[in-house]
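See structure below.
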Amino acid sequence: MTIDAARIAAALADTNLRAFLAVIRAGEGTADGDGYRRCYGGSLFDSFADHPRRTITAGRWTSTAAGAYQFLARTWDGLVKQYGFADFSPANQDAGAVALIAGRKALDDVLAGRIPAAIRKCNLEWASLPGSPYGQPTRSMAQALATYAAAGGVLEPAARAMGADQTE
């Protein structure tokens, strides 16, 4: 599913979307000031000209993940092909994350504050989200919802009740 640039920009101005991005970054270990420059395993890259394309082994996993949302090189290449991103700048990383959220059919859930539903739709995209099946460390639903709230996100009333019952 492709989302147009105007919808990406509108989404990025939404408090709930920004809070959901904070949830992803907290889980991916990129919530700090260097998060947009972080490679899998913790090293930093210097240029935003393109995805750094480093293959790094850390622990049991090998990955090309980089940036605030830990895009795999092949995922970034698909986003570049689909959206024409000129570089790996923080603004394009944010836009790429919105595109991936939309591709998982979770954008409306995020904007409406249905965060447990959005997490269930996006946990195949981001291995740190609650319920992700990849075997990597994940955050609990309670941790994710606490990060969301701390970042200013507002849960839909039904999502509040749903999230409180989940401790994944």
- Sum up the charges of everything whose Cβ sits under 14 Å from the Cβ of TYR36, counting Lys and Arg as +1 and Asp and Glu as -1, but leave TYR36 out. -4
- Heavy atoms only, probe 1.4 Å: what % of the accessible area of the chain goes to carbon and sulfur, would you let me know? 54
- Hey, what angle do you get for helix 15-28 against the long axis of the chain, alpha-carbon based, 0 to 90 degrees rounded to 10? 60
- Accessible area per residue in Å² at 1.4 Å probe, computed on the chain: 46
- Note on the structure: Calc'd 3J(HN,Hα), the range 70-79, phi into Karplus 6.51 cos²θ - 1.76 cosθ + 1.60 (θ = phi - 60°), Hz, glycine/Pro = x, comes to 6, 5, 5, 4, 5, 5, 4, 4, x, 5
- Query: So what is the 222 nm mean residue ellipticity for the chain from helices alone, if each DSSP H run of at least 4 adds -39500 (n - 2.57) and you divide by all residues, rounding to the nearest 500 deg cm²/dmol?
  - Reply: -13500 deg cm²/dmol
- Task: Filter the trypsin sites (Lys or Arg not before Pro) in the range 100-163 down to the DSSP loop ones having no more than 13 other Cβ atoms within 10 Å, then list what survives.
- Result: LYS105
- Query: Can you pull the three principal axis extents for the Cα set of the range 1-122, in Å, largest first?
  - Reply: 37, 29, 24
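The values are calculated or read from the model by the stated rules, or taken from the named source; none is laboratory data. Here the structure is a predicted model, which is why all the values come from computation and not from measurement. Neighbour counts run over all protein chains shown; Cβ positions are idealised from the backbone, glycine included. Protein only, heavy atoms only, side chains kept; ligands, DNA and RNA dropped before computing areas. Shrake-Rupley method; radii C 1.70, N 1.55, O 1.52, S 1.80 Å.
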